[in-house]
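Some notes on the structure that comes next.
The values are calculated or read from the model by the stated rules, or taken from the named source; none is laboratory data. Small disclaimer: the values here were computed from a predicted structure and weren't measured. Please note: Cβ atoms are built from the backbone with ideal geometry, for glycine as well, and neighbour counts cover all protein chains shown.
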Amino acid sequence: MSRPEANGPAAGLPAGLDAPVFDEPWQAEAFAMTVALHDRGLFSWSEWAHALSAEVKKPGAAADGHDYYEHWLAALEGLLASKGLAAKPDVDAMAQAWERAAHATPHGKPILLENDPRAAD
């Protein structure tokens, strides 16, 4: 019998457990932001669970859960708005500024918010 670590990091694990946890980088970022905001005491885990549960239970949620992190993000945005920390229009404006900055940044260079062409407006 061979040792599992001798056959790679996922040897001996059930199928699928070696797959990435997040499909997209933004999902990992939303997860990390949620944990960081909780760690700063901005909301409790029970508040978070209630917000996420309410989003997941909304009509139109995918039965296979492929939209889970979209609900996660909506729950985070809603919780921040309800706490008066970041209103939805402010979150949307910031997301658009980052998107413009990304498009204005030369390939291979760091994306900085000050690269947003509208930053001087």
Can you go through ALA74, ALA63, ALA104, ALA119 and tell me which one is within 19 Å of the chain's Cα centre (by Cα) and either of a type outside the set (S, T, N, Q) or surrounded by 13 or more Cβ atoms within 10 Å (Cβ to Cβ) (or both)? ALA74
When PRO110 is run through (1) in the same structural domain as THR34 (by TED's automatic domain parsing); (2) loosely packed, with under 14 Cβ neighbours inside 10 Å, the failure sits at (1)
Go through segment 24-43 and report how many residues are closer than 13 Å to TYR69 by Cα and either loosely packed, with under 11 Cβ neighbours inside 10 Å or free of Cβ contacts under 8 Å to residues at least 12 places away in the same chain (or both). 5
